[in-house]
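K.L.:
After the structure tokens below, expect a handful of questions from me.
The values are calculated or read from the model by the stated rules, or taken from the named source; none is laboratory data. Treat the numbers as computed from the prediction; the structure is a model and nothing was measured. Positions of Cβ are backbone-derived with ideal geometry, glycine not excepted, and every protein chain shown enters the neighbour counts.
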Amino acid sequence: MIFVDIKHCRHKAQGARTCNLSLRKAGMIFSLLILSALVVLVMGLGFNQTAAAEELSGEEIMTRVDDNQFMESARTESEMVIIDRDREIKKELFSYIESDGEVTNALAEFTNPRDRGTRYLLLDDEMWMYFPDAEDLTRISGHMLEEGMMGSDFSYQDALEMEQLTELYEFELEEEDTIDDRPVYVIKATAREGEDVAYHSRRLWVDQERYVVLLEEMYARDGRLLKEMVTEEVEEIQEDRWMPTEMVMEDKLREDTETIYRLTEIELDYDIPEGLLTLDELQ
């Protein structure tokens, strides 16, 4: 098992300082599960990310991003800070994530006093939630997928689509640019024909060295900008392995709101108890 306390190893996304961690390579990676793991994101296969000068297609670049987000198993601790005008609401949670590369299952449980015991369960492409006060188990579907998760700028649909981008979209390399002096690829993603997605198109600014998305814009079919997500901090959690540890999502259709997601701890190669990620255990 690999344990990383993010709070003791932190730097801004534009910086190149390496955290002094001695970590063995593992077959996994952080993915934005939103819900920790359902905004999170996780660990994948160990390729050398220094070959940024290669001529890559948009599809190949996003495949590398996906590889850099695949997680075999992990336990995470994180927090969401929801800012609505002058009010801030902080929510804390822990999550378990498990994937075989085809199917991803995850469980997130909130631990802050107001939401203590509220749980979300992701079973492949289905999401369920449990409210302990009402002892109510609900499947999230239909119009509910468009709602903000726990009042945040992240929707439930965001959580479901984050790990499926290469299946849902076609990618085109538009240009190369820089963000805070870091070279990036600018990728346009357009929904594949027949796919029912939350956003008709996206633009992603991908770090050429670390294959982390530093900026993402989400658009409606008519070209309206619906949401923007900015990666504020990135950490090296293994040698040549990077993960976003602080992201800010802003819903452009809401006024004066944004949601900050921070990953504070992650245990990779975590031995998840058998049966934990099931509907029987959710209640």
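K.L.:
Quick check on my filter: what residues within the stretch 61-112 are within 16 Å of Y130 (Cα to Cα) and either among the β-branched types (V, I, T) or out of contact with any strand residue (DSSP E or B) (no Cβ under 9 Å at 6 or more places or on another chain) (or both)?
P.N.:
T111
K.L.:
If we keep just the residues of the stretch 157-180 that are part of a loop (DSSP other than H, G, I, E, B) and under 15 Å from the mean Cα position of the chain (by Cα), which is modelled with the highest pLDDT?
P.N.:
Q164
To keep it simple, each residue is scored yes or no on (1) in a loop (DSSP other than H, G, I, E, B); (2) surrounded by fewer than 18 Cβ atoms within 10 Å (Cβ to Cβ); (3) of a type outside the set (A, V, I, L, M, F, W, C); (4) over 13 Å from the mean Cα position of the chain (by Cα).
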position: I237; (1), (2), (3), (4): no, no, no, yes
position: E246; (1), (2), (3), (4): no, no, yes, no
position: L253; (1), (2), (3), (4): yes, yes, no, yes
position: I260; (1), (2), (3), (4): no, no, no, no
position: I266; (1), (2), (3), (4): no, no, no, yes
position: L277; (1), (2), (3), (4): yes, no, no, yes
position: D280; (1), (2), (3), (4): no, yes, yes, yes
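Conditions (1) in a strand (DSSP E or B); (2) touching a Phe, Trp or Tyr at 6+ places or on another chain (Cβ under 6 Å); (3) modelled with pLDDT of 90 or more, marked per residue:
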residue	(1), (2), (3)
E60	no, no, yes
I82	yes, no, yes
K90	yes, no, yes
F94	yes, no, yes
E98	yes, no, yes
L107	yes, yes, yes
G117	no, no, yes
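K.L.:
Return the pair list, or none, for Cβ contacts closer than 8 Å from residues in the stretch 144-156 that are surrounded by fewer than 21 Cβ atoms within 10 Å (Cβ to Cβ) and assigned to a helix (DSSP H, G or I) to residues that are of a type in the set (G, A, S) and at pLDDT below 85, at least 6 apart or on different chains.
P.N.:
none
K.L.:
Being among the β-branched types (V, I, T), within 17 Å of L204 (Cβ to Cβ) and surrounded by 19 or more Cβ atoms within 10 Å (Cβ to Cβ) is the filter here, so list the residues in the stretch 62-92 that pass it.
P.N.:
From the stretch 62-92, those among the β-branched types (V, I, T) are 63, 65, 76, 81-83, 89; that's our starting set.
Now narrow it down to the ones that are within 17 Å of L204 (Cβ to Cβ): 63, 65.
Within the stretch 62-92, just V65 meets the criteria.
K.L.:
Out of Y96, Y130, Y120, I need the residue that is among the hydroxyl-bearing types (S, T, Y), crowded, with 18+ Cβ neighbours inside 10 Å and within 14 Å of the chain's Cα centre (by Cα). Which one?
P.N.:
Y96
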